[in-house]
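Structure record follows, encoded as structure tokens.
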Amino acid sequence: MTSRPDTSPQTLYEKIWNAHVVETRDDGTSLIFIDRHLVHEVTSPQAFEALRLAGRKVRRPDLTLAVPDHNLPTTPRIDAAGNKIPITDPESAAQLEALEANAPAFGIRYIDATAAEQGIVHVVGPEQGFSLPGTTIVCGDSHTAAHGGVGALAFGIGTSEVEHVLATQTLLLKQSKSMEIAVTGALGPGVTSKDLVLHIIGVLGTAGGTGHVIEYRGEVFEQMSVESRLTVCNMSIEAGARAGLIAPDETTFAYLKNRPMAPQGSDWDKAVEYWRSLHTDPGARFDTSVQIDAADVQPTVTWGTSPEDVVPIGGKVPAPSSFTDPSKQDAAQKSLDYMGLTPGQKMTDVEVQNIFIGSCTNSRIEDLRAAADVLRGKRKADNVKWAIVVPGSGLVKQMAEEEGLDKVFIEAGLEWREPGCSACLGMNPDKVPSGERCASTSNRNFVGRQGPGSRTHLMSPAMAAAAAVTGRLTDIREMAK
Amino acid sequence: MKPVSSVEGRAIPFGAKNVDTDVIIPAAWLKTISREGLGKGAFETVRAQDGNIFDNPDFAGAPILIAGDNFGCGSSREHAAWALLDLGITVVIAPSFSDIFAGNAFKNGILTVALPQEQIDRLMEVSETDPVTVDLDTQTVTTPFQDRFTFEVDPFRKHCLSEGLDEVGLTLERDSAITDYETRRAANMPWLQPNTHITTERTA
């Protein structure tokens, strides 16, 4: 709990790390205390089973929160008579039932699939005030990095680590290297946090952040809403970094105040006083520093099958020969074959048949507002066959409906769904058909990610909405004219 | 976890870069509550192609996989490690690994061996026709042609792998240290106790 005795300048990451060291072993591995553990239905059943087989309990059920998200269909969950509608897929139903049974059996708070508070774990955590600055947060999901947007050291773990945290509330870790991504200047019109993080991933490459925790620094992040910060930190893993951080500030505190699980009264005051110390000290050193000029960032889309395959919307599909690394040339050719694209093709000429607005990256109210602003009074193009909007939580859904956003989407020909992970990874029935394209606000354009043979183009919510209107990838700045 | 020592056998010269865990095991296969049987779905999109290396009978049951940079990137799904184990793969050799995959592999007794690209290229060549030996004790990869490449292993991970140790059991032995930490935490940072007013009951 005490910081290290010397007063040398520390990075934000070092401060959070040092505050969570239970003990450090001779080999440099530290036992790190975990403040918050989010559990969902896909990566937890085997962990609970292992606890049961070994006769172990959950050490701190009070620091654990379970919510189903990956498998849930996004169609209605309660019928007209008020009864729960069962999941038809037997395997998905079995995973949901396992979580419904494991949570109470181990004394863990559980948000039911039909509760208003249900949603994607990474939307629910900050929304409930479960995710707090300066905490360590883990979940069996790589996009846990998102919670770095409130200034938490948050990272994804495997199921064996889920078991380890359940049993001990700790993880055995080696301290990562630190990376600063310093962005200078301001983002141009129509350029969002999603465009910025896609640009950053393009600069770093999908392995550029491996072994590092990233801290995003610069005025552009200070000016951002917490929701935009969550979007940026969410995709840190797509650059290989297990965690991304943005220093908490008054914007963060205002966002968290009075959230249901956030501290109250004098605890809140003490917390804010501590949180104000959570910033990188002047003179602190990063192992790696990367400078980005915000003026270089355009509305950005992906062309390939790795999140590093980014191009400004005004650009063209690259030729494999344009890459210097021979293995990247080979990978690019394979990506183009899979994506059905030709080098030199203008990105704005690429037609899309599917639109997905959702995922832990972009399903918060600000994302839905941005998409609705583009779609208001417009109609989706005829070649767009399937277009769904999946809010990140039941509370986001309620808020959007109070603002009439659901009507905007429905009148534009999009479907308004129940919250969950949905077509980001297609574990539920929401999949992109083989050979078809999807303009998607999610985080991964991997081969088969949105369904076997699916072709994903990643982009911001406004850009996905623009693509819905025109039926092709579209520069949002042209739409606004 | 079974102790890991020396593995000798054919190595699948896959070689691809940035192999993500969606490629190792697609999401449709994650709808299981077991760790078993995931080999059926392993590399499903690769195996859909004719003449793929995984269905080449020469490499049936091969215990070693050779890949390119950044193996296991993307999703944290430990199902990727379970799928490899179910295929019989207990060693992956690549120039680099994603952090989360490397951890998941270690927890399941899969050895991840990082070697420079030129050594990988040589092993890719050898493995087309001949077996490869990976030895944890000496931290070497050797071939029948006098190739001998050494690799780094974290000492703690080496100890756990060679002894087949249960990490949860090891940490539970540190119970008093964790309790001390919790006591300090509760005193110094009382706000870390989450409020429990949240309504999470079923609404149906």
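Restricting to bridges with both residues inside the protein assembly as shown, how much of the DSSP beta-bridge set is antiparallel, in percent to the nearest 5?
In the protein assembly as shown, DSSP labels about 30 percent of beta bridges as antiparallel.
Give the long-range amide H neighbours of A:Ser460: residues separated by 5 or more places, or on another chain, with amide H under 5 Å away, using H modelled in the peptide plane at 1.01 Å from N.
Sorted by chain and number, the residues that satisfy this are A:Thr300.
How far apart, in nanometres, would the label points at A:Ser225 and B:Ser6 be if each is projected 7 angstrom from Cα along the Cα-to-Cβ direction?
Placing both labels 7 Å beyond Cα along the Cβ direction yields 6.2 nm.
Among bridges DSSP assigns within chain B, what percent are antiparallel (round to 5)?
Bridges in chain B are about 45 percent antiparallel.
With each pseudo-label sitting 7 Å past Cα toward Cβ, what's the B:Phe145-A:Ala116 distance in nm, one decimal?
6.9 nm
Is there a simple number for the mean count of other chain Cβ atoms within 10 Å of the Cβ of residues in B:64-77, and what is it?
For this peptide, the per-residue mean of nearby foreign Cβ atoms is 6.
With θ taken as phi - 60° and the coefficients 6.51, -1.76 and 1.60, list the Karplus ³J(HN,Hα) couplings across segment A:168-184 in order, rounded to whole Hz; mark glycine and proline as x.
10, 6, 9, 9, 8, 9, 9, 4, 7, 6, 10, 10, 9, 10, 9, 9, 9
Can you list residues whose amide H is under 5 Å from A:Gly448's amide H, if they're 5+ apart or on another chain and H is modeled 1.01 Å from N?
A:Gly453, A:Ser454
What's the ranking of A:98-104, A:376-382 by average number of surrounding C-beta atoms within 10 Å, highest first?
By packing density, highest mean first, the sequence is A:98-104, A:376-382.
Using square roots of five times the C-alpha gyration tensor eigenvalues, list the equivalent-ellipsoid semi-axes of chain A in whole Å, biggest first.
They are 33, 28, 22 Å, listed from largest to smallest.
Rounded to the nearest 5, what % of DSSP beta bridges with both residues in segment A:8-135 are antiparallel?
Percentage antiparallel, nearest 5: 45.
Under a no-solvent Debye model with one identical scatterer per Cα of segment A:197-337, what's log10 I(q)/I(0) at q = 0.11, 0.17, 0.18, 0.21 Å⁻¹?
-0.53, -1.02, -1.10, -1.34
In a Debye calculation with equal point scatterers on the alpha-carbon sites of segment B:6-165 and no solvent, what is log10 I(q)/I(0) at q = 0.09, 0.14, 0.18 Å⁻¹?
-0.26, -0.65, -1.10
Quick one: helix B:175-188 against the long Cα principal axis of chain B, what's the angle to the nearest 10°, folded into 0 to 90?
Roughly 50 degrees between the two axes.
Normalising by the residue count of chain B, find the relative contact order in percent from Cα pairs under 8 Å and 6+ residues apart.
RCO, chain B: 23 percent.
Any chance you could run the full-extension gain for A:Phe323 through A:Ala54? It's 0.36 nm times the residue separation minus the Cα-Cα distance, nm to one decimal.
The span from A:Phe323 to A:Ala54 would gain 91.7 nm if fully extended.
Hey, got the average number of other protein chain Cβ atoms within 10 angstrom for residues in A:22-28?
4
Name the residues whose placed amide hydrogens come within less than 5 Å of the amide hydrogen of A:Arg472, ignoring near sequence neighbours (fewer than 5 apart) on the same chain.
Counting only residues 5 or more places away or on other chains, the set is A:Val352.
Could you give me the ³J(HN,Hα) list for segment A:447-452, computed from phi with Karplus coefficients 6.51, -1.76, 1.60 and θ = phi - 60°, whole Hz, x at Gly and Pro?
Once θ is set to phi - 60°, the couplings for segment A:447-452 become 3, x, 4, 9, x, x Hz.
Given a Förster distance of 56 Å, report the FRET efficiency between A:Asn258 and A:Asp337 from their Cβ-Cβ distance, rounded to the nearest 0.05.
Calculated transfer efficiency: 0.60.
Pop out the ³J(HN,Hα) list for segment A:37-44 in order, Karplus 6.51 cos²θ - 1.76 cosθ + 1.60 with θ = phi - 60°, rounded to Hz; leave Gly and Pro as x.
10, 9, 10, 10, 7, 8, 9, 10
Ranked from highest to lowest mean number of other Cβ atoms within 10 Å per residue, what is the order of the peptides A:406-418, B:50-62, A:306-318?
Sorting A:406-418, B:50-62, A:306-318 by mean packing, highest first, produces A:306-318, A:406-418, B:50-62.
What are the semi-axes of the equivalent ellipsoid for segment A:300-479, taken as the square roots of 5 times the Cα gyration tensor eigenvalues, largest first, in whole Å?
Each semi-axis is the square root of five times an eigenvalue, giving 28, 17, 13 Å.
Can you tell me which of A:40-46, A:155-161, A:267-273 comes out highest on packing, and rank the rest after it, using the mean Cβ neighbours within 10 Å?
Listed from highest to lowest mean packing, they are A:155-161, A:40-46, A:267-273.
Fully extended, how many nm does the chain gain between A:Thr88 and A:Thr288 (0.36 nm per residue separation, minus their Cα-Cα distance)?
Additional length available on full extension: 67.1 nm.
If I take every Cα pair under 8 Å that is 6 or more residues apart in chain A, average their sequence separation and divide by the length, what percent do I get for the relative contact order?
Result for chain A is 17 percent.
For segment A:356-481, what is the accessible area per residue in Å², given a 1.4 Å probe and the full set of protein chains?
In whole numbers, segment A:356-481 has 31 Å² accessible per residue.
Per residue of B:19-32, how many C-beta atoms from partner chains lie within 10 Å of its own C-beta, taken as a mean?
Across the residues of B:19-32, the mean count of other-chain Cβ atoms within 10 Å is 6.
By how many degrees, 0 to 90 and rounded to 10, does the Cα axis of helix B:117-127 deviate from the longest principal axis of chain B?
Compared with the principal axis, the helix lies near 60 degrees.
Out of B:Thr112, B:Asn18, B:Ile100, whose Cα points farthest toward the positive end of the dipole of segment B:6-165 (charges: +1 Lys, Arg; -1 Asp, Glu; placed on Cβ)?
B:Ile100
Within segment B:143-166, whose backbone N sits under 19 Å from a point 7 Å along Cα→Cβ of A:Thr24?
B:154-157
Given R₀ = 56 Å, what would the calculated FRET efficiency be for B:Asn52 paired with A:Glu273, taking r from the Cβ atoms and rounding to 0.05?
Taking R0 as 56 Å, the efficiency between B:Asn52 and A:Glu273 is 0.40.
Mind scanning A:Lys385/A:Lys407; A:Lys328/A:Lys397; A:Lys15/A:Lys397; A:Lys385/B:Lys17 and naming the pairs with a C-alpha gap bigger than 30 Å?
A:Lys328/A:Lys397; A:Lys15/A:Lys397; A:Lys385/B:Lys17, as the Cα separations exceed 30 Å there.
The values are calculated or read from the model by the stated rules, or taken from the named source; none is laboratory data. As the structure is a computational prediction, the values presented were derived from the model and not from experiment. Neighbour counts are summed over all protein chains in view; Cβ atoms, including those assigned to glycine, are modelled from backbone coordinates with ideal geometry. Side chains included, ligands, DNA and RNA excluded: accessible areas come from the protein's heavy atoms. Shrake-Rupley method; radii C 1.70, N 1.55, O 1.52, S 1.80 Å.
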